[in-house]
Amino acid sequence: MDAQAFWSVIGAYNEQTAALQAGLLLFAVAAVIASYSCKVKWAAKFALGIIHLLIGVVFFAWYGTEPIQKYFALPLYLLCGTLFLYESWHNRDDSLAKPNGWQRLLLVLYLLYPLISFLLGNRFPQMVTHIMPCPVVSLGITVYAGYSRKNKLLLALLTIWGLTGIKSVIFSAYEDIILLICGIYGVTIFLRETKHGMKR
């Protein structure tokens, strides 16, 4: 997949889904706040599940043009979305801890994604917004890290996509360095979970 195809898909997606993205962003923010305040503990996982599924169907299945989008990204996002929804039901009483220092930093970086894309010279519709694959996974890794019970398969899939942030140099999408940072953070969380699992 070359850089032109990458930005063309983003442009088509943003032009035709701006209203949907705005609604999903409000939904995500409200759900995350509800979970951090412990009013609806499972809300963040539920919202992330819905958004990952929609990203898979809308961004990759509908607007995607390349084989890697159809045969790698699409199933990954559908599986992540399904696992988030499963976790929102199976571990619905699991509380979301208040974000630690690293998580607060990553949440701020998620919120700054579009601004950083703009400062890098990108303009709508060919710019990165909050409800796009890489920002959504960044948010998913950051928020899911705050839950005490973690599905290792879900965490691994999110982390794998996070590490694809290395493509930021290839496609001149330097804002996706945020994704790479989240991916590296995901690796540390996954290793910690694996180590704790071995001690049990």
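For the residue pairs Lys41/Lys167; Lys70/Lys98; Lys41/Lys152; Lys98/Lys195; Lys39/Lys167; Lys39/Lys150, the C-alpha atoms sit more than 30 angstrom apart in Lys41/Lys167; Lys70/Lys98; Lys39/Lys167.
Can you give the relative contact order of the chain as a percent, counting alpha carbon pairs under 8 Å and 6+ residues apart?
22 percent
Simple spin-label estimate for Lys195 and Trp102 gives 1.0 nm between the two label positions (7 Å along the Cα-to-Cβ direction from each Cα).
Close amide H pairs (under 5 Å, H built 1.01 Å from N) link Lys150 with no residue at least 5 positions away or on another chain.
How far apart, in nanometres, would the label points at Leu111 and Ile33 be if each is projected 7 angstrom from Cα along the Cα-to-Cβ direction? Taking the simple label geometry, Leu111 and Ile33 are separated by 1.1 nm.
Overall, the anisotropy analysis places the stretch 37-144 in the oblate class: the square-rooted eigenvalues a ≥ b ≥ c of its C-alpha gyration tensor yield a/c not less than 1.5, with a/b not exceeding b/c.
Accessible area per residue, 1.4 Å probe, Å², for the chain: what's the number? Write down the numbers at each step before the final one.
Working: 9480 Å² over 200 residues.
Result: 47 Å² per residue.
State whether the stretch 149-200 is rounded, prolate or oblate according to the following rule on the C-alpha gyration tensor (a ≥ b ≥ c being the square roots of its eigenvalues): a/c under 1.5 gives rounded; otherwise a/b larger than b/c gives prolate, and the remaining case gives oblate. The shape class here is prolate. Couplings 3J(HN,Hα) for the stretch 110-122, derived from phi with the Karplus relation 6.51 cos²θ - 1.76 cosθ + 1.60 (θ = phi - 60°), are 4, 5, 8, 3, x, 5, 5, 4, 5, 5, 7, x, 7 Hz, where x marks Gly and Pro. Taking a straight line from the alpha carbon of Lys45, these aspartates and glutamates sit under 16 Å away, with near neighbours fewer than eight places off in the same chain left out: Glu87, Asp93, Asp94.
Here the contact order of the stretch 118-186, divided by its residue count and restricted to Cα pairs under 8 Å and six or more residues apart, works out to 34 percent. Note on Gln16 and Leu120: the extension gain reaches 35.2 nm, defined as 0.36 nm multiplied by sequence separation minus the Cα-Cα distance. Beyond 14 Å, the tail of the calculated P(r) for the stretch 19-90 holds 60 percent of the Cα pairs.
A straight line joining the Cα centroids of the stretch 122-200 and the stretch 27-45 runs 19 Å.
If you roll a 1.4 angstrom probe over the protein chains with everything in place, what fraction of the accessible area of the chain belongs to carbon and sulfur, to the nearest %?
71 percent
For Thr188 and Leu79, the FRET efficiency from 1/(1 + (r/R0)^6), where r spans their Cβ atoms and R0 equals 22 Å, is about 0.50.
Estimated from the Cβ-Cβ distance and a Förster radius of 45 angstrom, the FRET efficiency linking Asp93 and Ala3 is about 0.50.
What FRET efficiency comes out for Arg149 versus Ile177 if R0 is 22 angstrom and r is the Cβ-Cβ distance? Round to the nearest 0.05. The computed FRET efficiency comes out at 0.15.
The values are calculated or read from the model by the stated rules, or taken from the named source; none is laboratory data. Keep in mind the model is a prediction, meaning the values are calculated, not measured. Here Cβ is always computed from backbone atoms with ideal geometry, including for glycine, and neighbour counts include all displayed protein chains. Note: accessible area is taken over every heavy atom of the protein model, side chains too, but ligands, DNA and RNA are not part of it. Shrake-Rupley method; radii C 1.70, N 1.55, O 1.52, S 1.80 Å.
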